[in-house]
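Asker: Supplied in structure tokens, the structure appears directly below.
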Amino acid sequence: MSAGYPERSGRAAALPTYYEAPATPRSAPVGTREHPLPLIIDSDPGLDDALAIGLGLARPELDILAVTTVGGNADVRHCTENALRLLHAYGRDDIPVAEGAAGPLVGRVVRATEVHGEAGIGSTELPPATAQAVPEHAVEFIARLLRDHPEPVAIAPIGPLTNIALVLKLYPDLADRISHLSIMGGSIGEGNSTVSAEFNIYADPEAAAVVFKADIDTVLVPWEACVSHFMTGVEVDALFAAAPEGEYKAFSLALAGHARRTLAGNGKGDLLRFVDPLAAAVVVDPTIVTRSIRASIDVALAPGITRGMTVVDPSGRLGTPPVTVVEEAQLDRLKALYARSVRCAG
């Protein structure tokens, strides 16, 4: 999840450019009920991560092969326990969880406990899981899934990109086994962790630079798009009032409530923002995106006020492979996907 302090709302403005951006169509496969898309969720659960995982689990178009964890919103041990408990609450103990990198490739560890709490999911209490994490490190586990699965596998990294960078560095031959990356991270303008950097990229800029240099079909869901897609508190209350009673409803309501209180406490109103859930929704249905650009992306690595900044270049002069940068999505369809995830369990 992208942690940090919320900025002003409003639709992300189209990027001004004097250079024509290349119109390269997305080539990644899309899942169907008959042929679900194999997917790995790489995450640092995380309030929004929990909502995104729930959204993905509710969709028959996705075959979630694993949830892998990375240190980010909280210590990786807490993130792993949260993933196990979330899957247990969703009734999906069959999905394996693998613990990954505890910190960045280089530099100091960055956490977002001031937003998510020490355990990563605020004050929300989840029942203990019956399953345990697999003994393999997440990097080796992802590599094995990529190698052994009969078709290429999509990955949705919604935390720092450390695990994905390590897979690409240690197993470069497996890059073509990744059908698609749907990344929540980066920003077009101002950041949320610093004035110039969004949390997931700031937490491991070197890893992000590795990933953006890889020639993999990629969609980037930046901070601006995430904060401009939300439900009002009134809408959230109505949604949960209509949801079936059950353990899942209780903890899902608690997750949404903590996110709403965090925004309200920062003077941003009673809202539930679709941060990581937007990245998950793009995997489920790419046609939900109504406006995007193609651009090369690189990351500022030097110490100082720009460290972790994502440089977005529609002209392609950066030389990195172009990715699709989401600017706007159909909000009504996004709300419907979230509503289904709330109503499918419980």
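Asker: Considering only DSSP beta bridges whose two residues both sit in segment 143-284, what percent are antiparallel, to the nearest 5?
Answerer: Working: 3 of 10 bridges.
Of those bridges, close to 30 percent are antiparallel.
Asker: A follow-up question, please. To the nearest 20 Debye, how big is the dipole of segment 37-344 about its Cα centre, given +1 on the beta carbon of each Lys and Arg and -1 on that of each Asp and Glu?
Answerer: On the way: 24 positive and 39 negative charges, 73 e Å.
So the magnitude is around 360 debye.
Asker: Further question on the same structure: Only sites in a loop by DSSP and with at most 15 other Cβ atoms within 10 Å count here; which chymotrypsin sites (Phe, Trp or Tyr not before Pro) in segment 190-264 make the cut? Present the calculation step by step, with values, prior to reporting the outcome.
Answerer: Values: sites: Phe199, Tyr202, Phe212, Trp223, Phe230, Phe240, Tyr248, Phe251; in loops: none.
Filter output for segment 190-264: empty list.
Asker: Glu125 label point, 7 Å along Cα→Cβ, cut-off 17 Å on backbone N: hits in segment 66-93?
Answerer: Answer for this model: 82, 85-86, 89.
Asker: Picking from Pro152, Pro277, Val106, whose Cα lies most toward the positive end of the charge dipole for the chain (charges on Cβ: Lys, Arg +1; Asp, Glu -1)?
Answerer: Pro277
Asker: Rounded to the nearest 500, what is the chain's calculated 222 nm mean residue ellipticity when only DSSP H runs of at least 4 contribute -39500 (n - 2.57) each, over all residues? The partial results should precede the final answer.
Answerer: Numbers: 12 runs with 119 residues, N = 346.
Dividing the helical sum by the residues of the chain leaves -10000 deg cm²/dmol.
Asker: I would also like to ask the following. Hey, fewest Cβ within 10 Å first, where do Thr287, Thr69, Thr306 land in order? Before the final figure, lay out each step's value.
Answerer: Details: Thr287 11, Thr69 33, Thr306 17.
Neighbour counts put them in this order, fewest first: Thr287, Thr306, Thr69.
Asker: So for segment 37-344: antiparallel DSSP bridges make up what percent, rounded to the nearest 5? Intermediate values should be presented prior to the final figure.
Answerer: Working: 13 of 36 bridges.
Bridges in segment 37-344 that DSSP calls antiparallel: roughly 35 percent.
Asker: Further question: Which is the longest part of the chain that has none of the trypsin sites (Lys or Arg not before Pro) sitting in a DSSP loop with at most 13 other Cβ atoms within 10 Å?
Answerer: On the way: sites that count: Arg8, Arg11, Arg33, Arg108, Arg317.
Result, exposed sites excluded: 109-316.
Asker: Pick from Val289, Val325, Val211 the residue whose mean-square fluctuation is largest in a GNM of the chain, springs joining Cα atoms under 10 Å.
Answerer: Val289
Values quoted throughout were computed directly from the atomic coordinates according to the rules given, and no laboratory measurement underlies them. Everything numeric in this text was worked out from a predicted model, so none of it was measured. Glycine also receives a Cβ, built like all others from the backbone with ideal geometry; neighbour counts cover every protein chain displayed.
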